[in-house]
Amino acid sequence: MYTCGPTVYDYAHIGNFRAFIFEDLLKRWLKHRGFKVTHVMNLTDVDDKTIKGSQSQHIPLKQYTDFYAKAFFEDAAALNIEPADVYPRATEHVPEMVILIETLVAKGFAYKGDDGSIYFAINKFPEYGKLSKIQVHDLKAGARVRVDEYAKEEAQDFALWKAWTPEDGDVYWETELAKGRPGWHIECSAMSMKYLGETFDIHCGGVDNMFPHHENEIAQSEAATGKPFVRYWLHNEHLLVEGKKMAKRFGNYYTFRDLQKKGCDPMAIRYLLLSTHYRQQFNFTFEGLEAAKSAVERLSNVMRRLQDANGKSGGEKIGQLINNVEKCFGDAMDDDLNVSVALASLFDFVRDVNNLLDTNAISKKEAIQILSLLTAFNEVLGVVAEVEKKESLPKEAEELIAKREEARKTKDWKTADALRQQLKAMGVIVEDTQQGVRWKIEKP
Ligand SMILES: [Zn+2]
């Protein structure tokens, strides 16, 4: 899975984090379903914006981008986004980009313009436009665009390698192509294929990246390799803030750090950003953030209550409730990450469990089973930080496991066995492995 990472020229805003959190949810769900996920997220640390930013602060490009890269990792950790397996930086992959561009030139898909830059000839790639469904037949012959970002109406030959100009200052590489720097689009083609192969499964990004960025990635990669580039593209929709497009001039532009300064809870922000289906436009409001906060609290409260539960058995009803929520939550998430339906079924379940807890109708064993299920859901959602680790056993069970460990150390097998039985009665199965003691929860 390849996800377009941040351009490290500023703090990431909540629209950026909507994309990163949706991608995190996708990855966690795939893992929950047993897939092994290799996740690559690039850092764009050389492009039009980073160069401009470093120049305006009069510091070297690397110093400038390192600062924002560090900030990005801090923010992502605060939002409980699982780290990618690899974070390739564009500036560290220029040789790979040069080879890719040379291949495109050799195959006739790219040419040198009068300005010394190398351009991709989109009329040589008949499938150009297949992702964003744009029509390019009106294209003026030889029309070229050198900037990284442009609109659909401006579709034309785009720069793979930008010959040095005085505006680039000291940002350039001396290569066989020319003295210059890579265009933004070639960076992602080179880095994704290096780490994931010429054809890989999933590529994500914001819908605004579909054109030109992803369209150009497809053209460059497939023209070079002759193979399909990506099997599945997933794009998340835009974010609005209080009903309007987020923009500094509207006064509704927020980085994650702006919200932190206002005292907003990162887990509530995470919950809010993931709670709407990724292909729907999402309206961020402070009212919504309050509601998200109480949803997270509801979930963490019921988990805390279950840790102390020790009532009479709820009988067959418990197993039915568990099976039902497992199926509803799972079916919804399997349906293109229909997270709002999944969350609705989860909170119906939480309400039912709270009702049973109110009447003391959940035994210790049942509480452990329910807790284990909620922990698994929370590993997907990642919104209740303190119980995300697998250790969600009640204190009592943890104490018994520790006691049993002591007994085994002194080779007191009789006590160890008795403790194992006691744990089993609570629904906790203990196994002794070469790596130490493992436990799992008995299924209802
Ligand atoms: Zn990209």
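The values are calculated or read from the model by the stated rules, or taken from the named source; none is laboratory data. Source: prediction; values computed, not measured. Each accessible area value is taken on the protein alone, full model and side chains, heavy atoms only, with ligands, DNA and RNA left out. Shrake-Rupley method; radii C 1.70, N 1.55, O 1.52, S 1.80 Å.
Per-residue surface analysis assigns SER340 an accessible area of about 60 Å², computed on protein heavy atoms at 1.4 Å probe radius. The GNM of the chain, with springs linking C-alpha atoms under 10 angstrom apart, assigns the highest mean-square fluctuation among ASP114, ASP348, ASP170 to ASP114. For the residues GLU396, GLU167, a 1.4 Å probe over the protein chains yields an accessible-area ranking, largest first, of GLU167, GLU396.
Compared with the dominant Cα axis of the chain, that is its longest principal axis, helix 395-409 is turned about 80°. Sequentially through the stretch 286-291, phi angles give Karplus couplings (6.51, -1.76, 1.60; θ = phi - 60°) of 6, 5, x, 5, 4, 4 Hz, Gly and Pro residues having no value and appearing as x. When only alpha carbons are used to place a centre, the stretch 113-189 and the stretch 25-56 end up 22 Å from one another. Summarising the strand pairing of the chain, around 55 percent of its internal DSSP beta bridges are antiparallel.
The residues ARG408, ARG298, sorted by heavy-atom accessible surface at 1.4 Å with ligands and nucleic acids left out, run ARG298, ARG408 from largest to smallest.
For LYS49, the solvent-accessible surface with a 1.4 Å probe is about 70 Å², rounded to the nearest 10.
How far is helix 316-334 tilted, in degrees, relative to the longest principal axis of the Cα atoms in the chain, given as a value from 0 to 90 rounded to the nearest 10? The two axes meet at around 0 degrees. Note on VAL207: accessible area is roughly 40 Å² with a 1.4 Å probe, heavy atoms of protein only.
For the stretch 6-90, lysine pairs separated by 8 or more sequence positions, or belonging to different chains, with Cα-Cα distances below 15 Å total 4. Legend: residues GLU198, GLU242, sorted from most to least accessible area (1.4 Å probe; ligands, DNA and RNA excluded), read GLU242, GLU198. Principal-axis analysis of the Cα atoms of the chain puts helix 364-381 at an angle of about 10° to the longest axis.
Ellipsoid semi-axes for the stretch 287-434, based on the Cα gyration tensor and the rule √(5λ), read 32, 17, 15 Å when sorted largest first.
Shape class of the stretch 1-93 from the alpha-carbon gyration tensor: prolate, with a/c at 1.5 or above and a/b greater than b/c.
List the pairs from LYS261/LYS395; LYS364/LYS409; LYS194/LYS327 whose alpha-carbon separation is above 30 Å, in the order I gave them. Can you show the working numbers first?
Numbers: LYS261/LYS395 35 Å; LYS364/LYS409 28 Å; LYS194/LYS327 38 Å.
Among LYS261/LYS395; LYS364/LYS409; LYS194/LYS327, the Cα-Cα distance tops 30 Å for LYS261/LYS395; LYS194/LYS327.
For PHE284, nonlocal amide neighbours, meaning residues 5 or more places apart or on other chains whose placed amide H falls under 5 Å from its own, are LEU240, VAL241, GLU242, GLY243.
With runs of 4+ DSSP H residues as the only contributors, calculate the mean residue ellipticity of the chain at 222 nm using -39,500 (n - 2.57) per run, divided by the residue total and rounded to the nearest 500.
After summing the helix terms and dividing by residue count, I get -15000 deg cm²/dmol.
Working value for the chain: equivalent-ellipsoid semi-axes of 50, 23, 21 Å, each the square root of 5 times a Cα gyration tensor eigenvalue, largest first.
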